[in-house]
1. Lysine pairs, Cα distance under 15 Å, 8 or more residues apart or cross-chain: how many in region 1-140?
2. Quick one: grab the alpha carbon gyration tensor of region 74-129, order the square roots of its eigenvalues as a ≥ b ≥ c, and give me rounded if a/c is under 1.5, else prolate or oblate depending on whether a/b is larger than b/c.
3. Which whole-number percentage describes the relative contact order of the chain, with Cα contacts under 8 Å and a sequence gap of 6 or more?
4. Can you pull out the chymotrypsin sites (Phe, Trp or Tyr not before Pro) in region 41-90 that DSSP calls coil and that have at most 15 other Cβ atoms within 10 Å?
5. Using all C-alpha to C-alpha distances in region 20-98, build P(r) with 5 Å bins and read off the rounded percent in each one.
6. Using the count of nearby Cβ atoms within 10 Å as a rough guide to exposure, how do D12, D105 rank from fewest to most?
7. Can you put L62, L147 in order, fewest other beta carbons within 10 Å first?
8. Could you work out how much longer the chain between K56 and T121 gets when fully extended? Use 0.36 nm per residue separation minus the Cα distance between them, nm to one decimal.
Amino acid sequence: MQERTLVLVKPDGLKRRLVGEIIRRFEVKGLKIIGLKMLQLTKEEAEKHYSVHKGKPFFADLVNYITSSPIVAIIFEGNNAISVVRTICGTTDGSKAAPGTIRGDYSISIEKNIIHASDSTESFQHEFSIFFKNNEMVPFQYGDEVLF
Ligand code: CMP
């Protein structure tokens with residue numbers, strides 16, 4: 001099933017110069033980039049993005065952290081994109097994530113875990129509008145789409 005999902009390269013991913021490596025992993029898998037931008041989230045936008053975690057003990061730190069530097073937001077499209085992307089990310093806690101996943105290879109904590117990815121179509125709907133206008137998603141066809 002064709003799906004869309006939102007990926008954020010968080011401040012640690014950006015500062016550690018991992019943006020290209022992260023995009024590469026998804027791109028070679030066969031996911032299509034249909035939206036891409038670098039931005040600085042405001043506190044209000046960060047609280048909206050992470051509203052499902054409001055009230056949890058780590059909420060304030062999470063908002064402070066995601067607003068501590070620019071981030072890169074990407075919309076990927078592809079077959080089962082939501083679960084495919086989350087598998088490539090690895091489990092939330094980098095210290096437990098499997099080697100070969102992004103978090104397993106580059107993170108050793110739950111706070112600085114490099115990347116965020118939508119966990120459902122509902123989350124994607126909630127999240128993408130914080131980062132993108134509808135006309136900033138630009139679907140296209142690859143010449144060799146049949147290979148994927
Ligand atoms: P992310 O995928 O961005 O979604 C919510 C984030 O909250 C998650 O990655 C972690 O970085 C962070 N998080 C989740 N659980 C905890 C926790 N128990 N303590 C601290 N941070 C957490």
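1. Value for region 1-140: 8.
2. In terms of gyration-tensor shape, prolate.
3. Reported as a whole number, the value is 34 percent.
4. When the chymotrypsin sites (Phe, Trp or Tyr not before Pro) of region 41-90 are filtered for loop state and at most 15 Cβ neighbours within 10 Å, F58 remain.
5. Each 5 Å bin holds this share of Cα pairs: 3, 13, 18, 19, 23, 17, 6, 1.
6. D105, D12
7. So the residues, fewest neighbours to most, are L147, L62.
8. Here the segment from K56 to T121 would lengthen by 21.1 nm.
We did not get these values from a lab; they are worked out from the coordinates using the rules stated. Small disclaimer: the values here were computed from a predicted structure and weren't measured. Methodologically, a virtual Cβ is constructed for each residue, glycine included, from the backbone with ideal geometry; neighbour enumeration extends over all protein chains shown.
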